1. What number, in percent, do you get for the relative contact order of the stretch 15-105 if the mean sequence gap of Cα pairs under 8 Å and at least 6 apart is divided by its residue count?
2. Applying the Karplus parametrisation 6.51 cos²θ - 1.76 cosθ + 1.60 with θ = phi - 60° to the phi angles of the stretch 57-62, what ³J(HN,Hα) value in whole Hz is obtained for each residue in order, glycine and proline being reported as x?
3. Can you tell me how the stretch 1-62 classifies by the Cα gyration tensor, rounded, prolate or oblate, using a/c under 1.5 as the rounded cut?
4. At what distance in nm do the modelled label points of LEU154 and LYS10 sit from each other, each positioned 7 Å from its Cα along Cα→Cβ?
5. If you wrap a convex hull around the Cα atoms of the stretch 1-105, how much volume per residue is inside, in Å³?
6. For the stretch 113-225, what does the relative contact order come out to in percent, with C-alpha contacts under 8 Å and a separation of six or more?
7. Distance between Cα centroids, the stretch 182-225 to the stretch 52-100: provide it in whole Å.
8. Helix 192-208 sits at what angle to the longest principal axis of the chain, using alpha carbons and giving 0 to 90 degrees rounded to 10?
Amino acid sequence: MSRQVVLLGKPVAESLSPRMQNAAFAAAALDWKYVALEVEADELELALRRGWAGANVTIPYKQAAAALCDEAEGDAVNTLVFRDGSVLGFNTDVEIVAGIEAERVCLIGAGGAARALLPGLRGEVRTFSRSGEWPPDASEADLIVNATPVRDELLVEPRAGQTVVDLAYRGDGRPTALVAAARAAGCEVVDGYEALVRQGAASFERWTGRPAPVEAMRSALGLQP
């Protein structure tokens, strides 16, 4: 019988995680299936207890999910493992920024995605959000991170010498406004597709206990080897 992994969030209809993870399961010869499930806030706890093989959590529930776990890796999680009746929460989002050296970071966003990235960010982090300090100021930063869903608005103007990480992506493969500007400026860029692979590969390994077939995951998103 096929095992099922679920993506919990709202909205999830445009997520490419099902395409990527189902390609990974096929490459690993696992009879597993990954599906996206849009849930309301008051449905989250029930959704966590439905006997999945594993789960991802996305906007806006990463902090809420951490609070519902029996054990959680920090106060924002994106990966759930179900073991012996317990819900274990892990933060594989840190893999997105792993190994990126920076002295000063401009972090755009203050929600669960931003909080999940914080443990992996090095250097002095300055956080910007519409409910706090705004607009973003990246003039002194060597790393810019967009941890919001904003795709069409250029929230900050990148310049040569900076590294840019953008969690947002478009389903049709076109770059976000920030990624397009960063590439034009000659920045090092981790776009939303690469970010998806980095955290998704770590999630796959948490669920299955096997090495992730990263090239199959990248290929499913149309990325070059």
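1. On the way: 97 pairs, mean separation 16.1, N = 91.
Reported relative contact order: 18 percent.
2. 10, 10, 3, x, 10, 5
3. On the way: a/c = 3.00, a/b = 1.54, b/c = 1.95.
Since a/c reaches 1.5 but b/c is at least a/b, the shape of the stretch 1-62 is classed as oblate.
4. About 3.5 nm separates the two model spin labels.
5. Details: hull volume 13.5 nm³, N = 105.
For the stretch 1-105, the hull spanned by Cα atoms encloses 129 Å³ per residue.
6. Details: 145 pairs, mean separation 19.7, N = 113.
It rounds to 17 percent for the stretch 113-225.
7. 18
8. Between the helix axis and the principal axis of the chain, the angle is about 30 degrees.
The values are calculated or read from the model by the stated rules, or taken from the named source; none is laboratory data. Note that the structure is predicted; figures quoted are calculated from it, not measured. All Cβ positions, glycine included, derive from the backbone under ideal geometry; neighbour counts span all protein chains shown. The protein model used for the area step is the full one, side chains on, heavy atoms only, and it has no ligands, DNA or RNA in it. Shrake-Rupley method; radii C 1.70, N 1.55, O 1.52, S 1.80 Å.
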